[in-house]
Each structure stands twice: as C-alpha cells, then as structure tokens.
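Down below is the structure, laid out as structure tokens.
The values are calculated or read from the model by the stated rules, or taken from the named source; none is laboratory data. Keep in mind it's a predicted model, so treat the numbers as computed, not measured. FYI the Cβ positions are ideal-geometry reconstructions off the backbone, even for glycines, and counts take in every protein chain you see. In case anyone asks, the SASA skips ligands and DNA or RNA and just uses the protein heavy atoms, side chains included. Shrake-Rupley method; radii C 1.70, N 1.55, O 1.52, S 1.80 Å.
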Amino acid sequence: MDLLDTQEQMKFEDFALEECILQDIKASGYHAPTPIQAQTIPLVLEGKDVIGLAQTGTGKTAAFALPIIQKLHGRMELGALVIVPTRELAQQTAKVFQMLGKSSGVRVVVLVGGLPMDADRKAITSWPNVIIATPGRLIDHLESNTLNLREVEILAVDEADRMHDMGFMPQLRRIFACLPEQRQTVMFTATLPKDVQPIVHKHMIKPVTVQVGLQLPAERAEQQIIYLPVERKTDVLLDLLKHNRGRTLIFCRTKRGVDKLATQIGRSVRGITRLHADREQCARDEAMAGFRAGKYRILMATDIAARGIDVADIEHVINFDFPHAADDYIHRIGRTARVAATGKATSFVTPPERKYLRNVQRLLEIPITNLTDEDLSAPPPVGSEEHGSRRGHRRGPPRGGRRGRTVQAKA
Ligand code: AMP
C-alpha cells in the first residue's frame, strides 16, 4: 500500500488518542498515518498483542510509541519497556517518544551500554514511564537488582530479527522471564526468523500479525548495482563521491573495513566520519550528531549502525561491501528514501559477492549497471576531490544501466 492511499483513508484523528497527543503529532509534521501505523495503532490501543512485519523507514517507531504514550498519559509509574538492538536505535526511539509525548509529559529513560551504570541508576530512580534499552545493559541492571520490571504493562520489542542476528536471543529469553505474565506485547520485525518464533508462541497471547510489504522504502530509492573487480572499488567510490555531493552513507562489512577505507579515502575527501561498535560511545554520538548537523558529509558504518540511523536527507547510500543477508540490504537502503522522500542507493558487487546479490534479487528487482570496458580500463584517480583532477578519466559517474552498454566486468 502506498503512503498516499493511506493518507486518503485514515487520519490520526480516527484513533482514540488524547487531544494533546494529536497536537504533538501535528507539531512533528506527520500529516497522516503510514500503512503500518494505520494498521497497528488501533490494535495496540485495544490491548492486543501485535506482530508488525515492517521494514525500517516505514514509521514503525510511532506505531508503537503513540499507543504507549496514550496508555501511559498522566501516569506516574513505569508502564512500558522498549527493547531495541542498538544504542543508536535506542536514542532514536527515545527522540520519537519525546517528540510525540511532549505534551503528555511521558518520561523516558534510555539504558544502553557504553555509558556509566551510575548515570543509569540515577535515571531509573527519576520515575520514568518508559524505559528504552538494549538487551545487554538491561540484563546488567536486572542482575545487579537496580531495576525491576514487575510493573511493566506493555513491552515493545523492535527489530527482533536484528536482535536474533546479533545473538541476543538468550538475553531476550532472560528478560521475558523477569516480566509480569499479565502484560501486552508488541513486536516489530522485518522478518520472523525461526529462532524468534518460539518466543512469540511462549510469550505472546494470540498475537495479531500485521504486514506491510517490502515495497517501502526500498522501492522509492533509485537503486543501482555496479559489478566491478575488487581492486577498482576504492577508485569508483572516489568517483561517486566526487559527483554526488549530497549527504552520503557508506556501508562496509567489518569495523576494520570501515577504518581502513576511511583512512584511504580520507586522503582525498573531506568531511568523513565513522560509526561502528568499537568506537567509544561519545565518538559514536559525535559522529551521528556531526553527520546530522552537516559537519560531516559522509558517514561510514557497519550494519550494526544501519538500524539506528534516522537522518533526514541522506541522498546516497553506498554499499561498498555487499551485505550477505537480504534483510541487511533492505535496512541499509532504508536509510535513504525515508517515508516520503526519495534517494539513491549504489551497491558494489565483486565476483565473490554475486551469490549475496542473488539473495536480494529473490526479493527485489534491482537494475544492474555494469562498469563498461572503458570504465574498467580507465586509470585510477589521481589528486583529490577538492584539488585534483583525474588523468584520462571521463567525468561523471560510472556509465551503464539504461544509458550505458552492459558488459561483464573483468575480475
Ligand atoms: P521509523 O520507521 O520509525 O524509523 O520512521 C522512519 C521515518 O519516518 C522517521 O523519520 C519518522 O520521523 C518518519 N515518520 C514516521 N511516521 C510518519 C508519518 N506518519 N508521516 C511522516 N513521517 C513519518
């Protein structure tokens, strides 16, 4: 379903939400519910357990935040727990709660690794209504008896598939064991991995499954695959960065890969920052804030960071390394073309990565743009983005696709 269809069919005023919440929705610039919001908000408000199968970028955070804010509006005690896979997503989710719960006075606390436990303890005693946490830090608090979850009435598990991929299933099971049995549970995930299904059966009561298709956000992003040999990746990346001056997110598979590439391209391109799990929390925060504020034009990240990045106007997502799982592809591409915007996504595929591309092609049709013979025989760039020129190399991004001749790249 397209966003516009839903806009014609549903309004936020159709939901049983307090006037002050409707005001905050308006102030946040949301005009109409997205498909996942239209379908899940009424169910969650009714008190049903819900599984929302939705990609990132579809508006799923507000789909659970709005009913939680409505339920906890005017209450003093802790009523909701939101579990998310990454620190960045936790911060992002807290912002949505703060924005949509501003007038209702909902108090949110974020518990994530990388910050001192003492600060958490203080926050926990400040009477939050909603706790947003990553599994590891939540377990730390449960083990040190600094938090009890006995009053939680509504649990939201966001990006359950991601938590599964990150090996958080044992932690999730332990957290479930600390929650009261009488509660409402909502789970959002792009897919329902096999290992997550027992959790659903054991801990959710007659859940209603709501699915919005894979079409958002990936279809709005203009996607391009470039076949190329591994040794040309850095040159082609520099070329792309030279011709696309907008805010760009580059994905590498490993933390070391991010660091290495940042050093390499940092010699000729300015305004680069990095986001991955080995960086200190303050450095990660600075990277995100700087990228958001425009201090950095280019953010280089691993998949772990992909889920938490909600920055407006990311013009270009570049998969420097092609993701191994189709889900990761969709999540990465979801960083551009958020909700109503459009964006561009370029993925490099080297010969050994073609098998991963097939995983994605089972779900999505992506136009393949091969580098032409001319592109591949062009000499690597010399000089820099700001100062240099490229000897003997044509101007403009790699040719191919609709305009160019399609050939197989030489490996
Ligand atoms: P999410 O999938 O929750 O990460 O949301 C993706 C983006 O959509 C965020 O930037 C939200 O602020 C935005 N968003 C959420 N709901 C709406 C809506 N109803 N209308 C417009 N934008 C929205």
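Rolling a 1.4 Å probe over the protein chains gives residue 178 an accessible area of about 60 Å². Positive-end ranking of 43, 131, 113 along the dipole of the stretch 7-212, with charges on Cβ about the Cα centre, is headed by 113. Here's the list of lysines a cross-link from residue 355 could span, going by alpha-carbon distance under 27 Å and ignoring same-chain residues fewer than 8 apart: 194, 233, 255, 260, 344, 410. Taking 7 Å steps out from each Cα toward its Cβ at residue 281 and residue 103 produces label points 3.3 nm apart. Of all lysines in the structure, the ones whose alpha carbon falls short of 19 Å from that of residue 295, not counting any fewer than 8 places away in one chain, are 242. Computed over protein heavy atoms with a 1.4 Å probe, the carbon and sulfur contribution to the accessible area of the stretch 7-212 reaches 51%.
Overall form of the stretch 7-212: oblate. Here a/c, set by the Cα gyration tensor axes a ≥ b ≥ c, is 1.5 or more, and a/b is not larger than b/c.
Taking Lys and Arg as +1 and Asp and Glu as -1, the other residues whose beta-carbon sits under 15 Å from that of residue 202 total +2. Among the protein heavy atoms, those of residue 231 account for about 120 Å² of accessible surface (1.4 Å probe, every chain in place). Just going by the charge dipole of the stretch 161-242, with Lys and Arg at +1 and Asp and Glu at -1 on Cβ, which of 240, 167, 178 is farthest out on the positive end? Farthest towards the positive pole: 178. For the stretch 228-276 and the stretch 139-204, what is the separation of their Cα centres, given in Å? Cα centroid to Cα centroid, the span is 36 Å. Of all lysines in the structure, the ones whose alpha carbon falls short of 27 Å from that of residue 11, not counting any fewer than 8 places away in one chain, are 26, 48, 60, 71, 95, 102.
A simple spin-label model places pseudo-atoms 7 Å from Cα toward Cβ; at residue 312 and residue 151 they are separated by 3.6 nm.
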